[in-house]
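Novice: Okay, handing you the structure first.
The values are calculated or read from the model by the stated rules, or taken from the named source; none is laboratory data. If you're wondering where the values come from, they're calculated on a predicted model, not measured in any experiment. Neighbour counts are summed over all protein chains in view; Cβ atoms, including those assigned to glycine, are modelled from backbone coordinates with ideal geometry. In case anyone asks, the SASA skips ligands and DNA or RNA and just uses the protein heavy atoms, side chains included. Shrake-Rupley method; radii C 1.70, N 1.55, O 1.52, S 1.80 Å.
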Amino acid sequence: MTETKYIEIDPANTPLPQLHQFLLGSVSPRPICFASTIDAQGNRNLAPFSFFNAMGENPPVLVVGLETRRHDKSLKDTTINIMKNGQFVIHLVDEGLGEAMNICAVDFPPTVSETDMAGLTMVPSTLIKPKRIQEAPVAFECEKITFLQISPDRHIVVGKVVMMHVRDGLFDPATYYIDPEKYHPIGRMFGQLYTRTRDHFKMAVPSYEDWEKSHPK
């Protein structure tokens, strides 16, 4: 058997742009979310993030990585809004929302509504002030549990889900399963690359007894 060779990469001695590039290229695909927030004047902000995932169910917890603006290292509107009022809506991005997600990645000034630019419809949330996207397949109303600053350029918000919304037809209320034939989220690879999630396959985890039967000593 040919020995597999590996290249060691020391984060402490790797320039930040290259480290960022390697992490995003290797930890992929990643789910993409839209974060909806509002400021003190009621101005809406909507921004996509791919440093995002679910991290628990009791209570239901979502985690989002928030970065500063690259040109001046200032805090983005999403970060400021969550810091000040602690509320946000997380939406999952499917194929139908892909183009709108890309438009909302534009660094619009605070007075410009990304939702208007992307042609999205905002409707009231049930328990929190920020509105949610009507076109999103799944939306989670969240309240901040904690806010972590892990570097001058990066914050992590941990949010508790207080209400969930799912598009009719995607969800079986008897089993609580999402229908994978109807739900088509997209994933972020790196750079300008994204992926679809229509190619499904199953792998059942065998019991230890079945494993022993299929692997006799």
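Novice: How long are the three semi-axes of the equivalent ellipsoid for the chain, computed from the Cα gyration tensor as the root of 5 times each eigenvalue, in whole Å, largest first?
Specialist: The equivalent ellipsoid of the chain has semi-axes of 32, 25, 17 Å.
Novice: With 15 Å as the cut-off, how large is the P(r) tail for the stretch 120-217, expressed as percent of Cα-Cα pairs?
Specialist: The answer is 78 percent, as a whole percent.
Novice: Also, quick follow-up: For the stretch 138-203, with every protein chain kept in place, what is the accessible area per residue (1.4 Å probe, Å²)?
Specialist: Numbers: 4750 Å² over 66 residues.
That works out to 72 Å² per residue.
Novice: How big is the gap, in Å, between the Cα center of the stretch 157-217 and the Cα center of the stretch 68-97?
Specialist: 25
Novice: Which length gain, in nm to one decimal place, applies between Lys217 and Ser26 when the Cα-Cα distance is subtracted from 0.36 nm times their residue separation?
Specialist: The span from Lys217 to Ser26 would gain 65.1 nm if fully extended.
Novice: Using modelled amide H (1.01 Å from N, peptide plane; none on Pro or chain starts), what sits under 5 Å from the amide H of Tyr194, excluding residues fewer than 5 places away?
Specialist: So Tyr194 has HN proximity to Met189.
Novice: Step through the residues of the stretch 94-105 one at a time and calculate ³J(HN,Hα) from phi using the Karplus curve (6.51 cos²θ - 1.76 cosθ + 1.60, θ = phi - 60°), rounding each to whole Hz and writing x for Gly and Pro.
Specialist: Result, rounded to whole Hz: 9, 4, x, 9, x, 5, 5, 4, 5, 5, 6, 6.
Novice: Percent of Cα-Cα pairs per 10 Å bin, from 0 to the last occupied bin, for the stretch 1-55, please list those.
Specialist: Reading upward from the zero bin: 17, 29, 28, 18, 6, 3, 1.
Novice: Which percent of Cα-Cα pairs in the stretch 64-144 sits in each 5 Å bin, short to long?
Specialist: Calculated over all Cα pairs of the stretch 64-144, the distribution is 3, 13, 22, 26, 24, 10, 2, 0 percent.
Novice: Go through 20-31, 87-98, 195-206, 123-134 and give me the packing order, highest mean Cβ count within 10 Å leading. List each step's numbers first, then the result.
Specialist: Values: 20-31: 14.2, 87-98: 21.7, 195-206: 8.4, 123-134: 16.2.
Packing proxy ranking, top to bottom: 87-98, 123-134, 20-31, 195-206.
Novice: Kindly flag which residue pairs out of Lys129/Lys182; Lys84/Lys131; Lys129/Lys160; Lys84/Lys144; Lys73/Lys144; Lys160/Lys182 have an alpha-carbon separation exceeding 20 Å in this structure.
Specialist: Lys129/Lys182; Lys73/Lys144; Lys160/Lys182, as the Cα separations exceed 20 Å there.
Novice: Also, I was wondering about something else. So, with a 1.4 angstrom probe, what is the percent of accessible area on the stretch 144-189 that is carbon and sulfur?
Specialist: 59
Novice: Could you report the stretch 1-81's accessible area per residue, 1.4 Å probe, as an integer in Å²?
Specialist: Numbers: 5300 Å² over 81 residues.
Value returned for the stretch 1-81: 65 Å² of accessible area per residue.
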